[in-house]
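Worksheet for the structure shown next.
The values are calculated or read from the model by the stated rules, or taken from the named source; none is laboratory data. Since this is a predicted model, take the numbers as computed values, not measurements. Glycine gets a Cβ as well: all are built from the backbone with ideal geometry, and neighbour counts include every protein chain shown.
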Amino acid sequence: MRAFYHPDQSLHDPKQYLRFGRVVAPKDLPERTQRLLGALDRHGIEPETPAAHGVDPILKVHGEGFVQFLETAWARWQELPAERGPEVWPSTFPYWSGRPDEDMRPPCRPTGFIGQLGWYLGDLSVPIGEHCWTSTLRSAETAVSGADALLAGERAVYALCRPSGHHARADRATGFCYINNTAVAAQRLCSKYGKVAILDVDAHHGDGTQQIFYRRPDVLTISVHADPSSYYPFYTGYEDERGNGPGEGFNLNLPLVHGAAGPEMEAAVDRAARAIREFGAEALVVALGYDAHKDDPIGVLKLEAQDFGTIGSQVKALGLPTLVVQEGGYAIEAIGDCLDAFLGGFKA
């Protein structure tokens with residue numbers, strides 16, 4: 001298996017995160033990448049540096065105004081009064097009655113920076129620091145390079161992406177995610193493959209990925225995640241969300257009860273695999289998170305590291321050109337073992 005990673009992705013070093021009404025230390029630490037690189041090394045995989053693709057692949061799935069906001073936010077933050085905080089953080093959130101028959105919201109009407117903050121940053125888990133955009137761009141380029149390797153004939157590629165991406169919507173950052181790496185890669189694959197499937201295996205629903213492809217019949221989106229009725233992202237991830245218009249029937253959510261462990265995950269991935277086969281997918285993107293591990297500090301599922309080996313075997317059995325895009329997982333001591341197990345299961 002080939003792999004891609006850019007060292008600039010470790011520059012993103014958030015300073016604050018709001019949890020239960022208190023500002024606490026962030027969970028998406030740069031150290032995460034070192035643990036995952038260690039797992040790759042144990043399998044003899046030397047990650048390649050991704051090419052500099054720029055924003056063009058990103059703009060295939062994200063709004064131009066949103067991308068420009070992310071790129072310039074830090075510099076604009078420096079123009080605010082001296083009492084500003086250490087990072088770009090919103091203080092307002094507009095009400096918007098979004099409709100599933102719309103690909104994204106209309107352009108942001110406020111031209112002032114503070115108004116745009118609440119429009120483009122969806123919660124308090126996406127602070128923007130000095131190096132956030134650099135890491136975000138490199139993360140997306142990592143996914144694009146992985147997709148290009150598949151397009152060139154590789155059968156299996158791993159993209160070590162950080163920051164993660166599956167919560168990022170077409171025009172909004174949220175949930176530690178700024179640009180949706182999984183969606184950017186899937187869109188890239190659509191240049192060759194008529195049917196692309198996305199299998200999101202993460203404790204949290206891939207709400208951004210769902211929103212981006214919700215009205216499309218050429219990309220099947222499947223998310224296996226913890227029941228969102230009392231867990232982030234709360235407002236999406238339910239079984240009755242099946243797609244809209246031409247995308248009706250091409251979105252599948254498989255929520256798990258809190259406390260679910262390996263057997264429940266295995267059964268859900270089996271169900272997802274049947275749907276992928278029935279869809280006739282020609283290529284697969286796996287959005288792989290490890291926050292379903294029992295030790296994850298913000299998790300509610302109870303998987304062991306070896307359960308990710310089972311997931312790897314299930315993915316390999318589909319026999320499709322496969323790009324694995326790294327998503328969440330914040331138990332620093334466990335995530336390397338999770339990737340280790342997944343790679344072992346995939347190679348078996």
Response to the item:
Note on Glu79: of the conditions (1) surrounded by fewer than 20 Cβ atoms within 10 Å (Cβ to Cβ); (2) within 20 Å of Leu323 (Cα to Cα), unmet is (2)
Worksheet entry | Residue match in segment 191-205 (condition: of a type in the set (A, V, I, L, M, F, W, C), at pLDDT 95 or above and under 25 Å from Gln68 (Cα atoms)) | no
Worksheet item: Do the conditions hold for Val219, that is, is it surrounded by 24 or more Cβ atoms within 10 Å (Cβ to Cβ) and either over 21 Å from Leu256 (Cβ atoms) or modelled with pLDDT under 95 (or both)?
Response: yes
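Kindly indicate whether any position in segment 338-348 is in a loop (DSSP other than H, G, I, E, B) and either at pLDDT below 95 or surrounded by fewer than 17 Cβ atoms within 10 Å (Cβ to Cβ) (or both).
Let us first name the residues in segment 338-348 that are in a loop (DSSP other than H, G, I, E, B), namely 348.
Right, trim to either at pLDDT below 95 or surrounded by fewer than 17 Cβ atoms within 10 Å (Cβ to Cβ) (or both) and you get 348.
Within segment 338-348, one or more residues are in a loop (DSSP other than H, G, I, E, B) and either at pLDDT below 95 or surrounded by fewer than 17 Cβ atoms within 10 Å (Cβ to Cβ) (or both).
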Worksheet item: Across segment 53-68, which residue is nearest to Asn180 (Cα to Cα) among those that are of a type in the set (Gly, Ala, Ser) and in a loop (DSSP other than H, G, I, E, B)?
Response: Gly63
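Mind checking which residues of segment 205-245 are in a helix (DSSP H, G or I), small (Gly, Ala, Ser), free of Cβ contacts under 8 Å to residues at least 60 places away in the same chain and over 12 Å from Ala287 (Cβ atoms)? Don't jump to the end; show me each part of the working.
Start the filter on segment 205-245 by keeping residues that are in a helix (DSSP H, G or I), which leaves 207-213, 228-230, 245.
Next, from what is left, pick out any that are small (Gly, Ala, Ser): 208, 229-230, 245.
Subset that is free of Cβ contacts under 8 Å to residues at least 60 places away in the same chain: 208, 229-230.
Scanning segment 205-245 gives Ser229, Ser230.
Here is a yes/no grid of residues against (1) more than 27 Å from Gln211 (Cα to Cα); (2) of a type in the set (Asp, Glu):
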site: Tyr5; (1), (2): no, no
site: Asp13; (1), (2): yes, yes
site: Tyr17; (1), (2): no, no
site: Gln34; (1), (2): yes, no
site: Leu37; (1), (2): yes, no
site: Leu40; (1), (2): yes, no
site: Gly54; (1), (2): no, no
Worksheet entry | Failed item, numbered, when His205 is tested on (1) more than 12 Å from the chain's Cα centre (by Cα); (2) within 23 Å of Arg162 (Cβ to Cβ) | (1)
Fill in: For Gln116: the one exception among (1) within 21 Å of the chain's Cα centre (by Cα); (2) part of a helix (DSSP H, G or I); (3) over 24 Å from Ser191 (Cα atoms); (4) not β-branched (Val, Ile, Thr)
(1)
Discussion item. If I filter segment 162-185 for residues that are surrounded by fewer than 24 Cβ atoms within 10 Å (Cβ to Cβ), over 22 Å from Gly237 (Cβ atoms) and at pLDDT 95 or above, do I get at least one hit?
Written reply: no
Fill in: Members of segment 293-317 found to be farther than 16 Å from Gly344 by Cα, among the aliphatic types (A, V, I, L, M) and in a loop (DSSP other than H, G, I, E, B), listed by number
Ile298, Val300, Leu301
Worksheet item: What are the residue pairs meeting all of these: first residue in segment 63-80, first residue of a type outside the set (S, T, N, Q), second residue exposed (fewer than 13 other Cβ atoms within 10 Å of the Cβ) and not in a helix (DSSP H, G or I), Cβ atoms under 9 Å, and 6 or more apart or on different chains?
Response: Gly63/Pro107; Gly65/Pro107; Trp77/Arg84
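Matching residues to (1) in contact with a strand residue (DSSP E or B) (Cβ under 7 Å, 6 or more places away or on another chain); (2) free of Cβ contacts under 8 Å to residues at least 40 places away in the same chain; (3) of a type in the set (A, V, I, L, M, F, W, C):
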{"position": "Arg99", "(1), (2), (3)": "no, yes, no"}
{"position": "Trp119", "(1), (2), (3)": "no, no, yes"}
{"position": "Val126", "(1), (2), (3)": "yes, no, yes"}
{"position": "Cys132", "(1), (2), (3)": "no, no, yes"}
{"position": "Arg172", "(1), (2), (3)": "no, no, no"}
Worksheet item: In this structure, does Asp103 turn out to be in a loop (DSSP other than H, G, I, E, B) and acidic (Asp, Glu)?
Response: yes
Worksheet item: In segment 246-283, which residue that is among the charged types (D, E, K, R) and not in a loop (DSSP other than H, G, I, E, B) is surrounded by the most Cβ atoms within 10 Å (Cβ to Cβ)?
Response: Glu264
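When the residues of segment 69-96 are filtered to those that are outside any helix (DSSP H, G or I) and of a type in the set (Gly, Ala, Ser), which remaining residue is nearest to Gly115 (Cα to Cα)? Break it down into steps so the answer makes sense when it comes.
From segment 69-96, those outside any helix (DSSP H, G or I) are 78-96; that's our starting set.
Now restrict to residues that are of a type in the set (Gly, Ala, Ser): 82, 85, 91.
Numbers: Ala82: 19, Gly85: 17, Ser91: 9 Å.
Selected residue: Ser91.
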Worksheet item: Checking Trp74 against (1) more than 16 Å from Phe176 (Cα to Cα); (2) at pLDDT below 95, which single condition isn't satisfied?
Response: (2)
Practice prompt. Could you list, in sequence order, all residues of segment 131-190 that are among the small types (Gly, Ala, Ser) and closer than 17 Å to Asp207 by Cβ?
Written response: Ser164, Gly165, Ala168, Ala170, Ala173, Gly175, Ala183, Ala186
Discussion item. I'd like the full set of residues that are at pLDDT 85 or above and of a type in the set (A, V, I, L, M, F, W, C), limited to segment 88-107.
Written reply: Val88, Trp89
Fill in: Single residue of segment 124-161 satisfying the filter (within 14 Å of the chain's Cα centre (by Cα) and under 15 Å from Leu284 (Cα atoms)) that is surrounded by the fewest Cβ atoms within 10 Å (Cβ to Cβ)
Val144
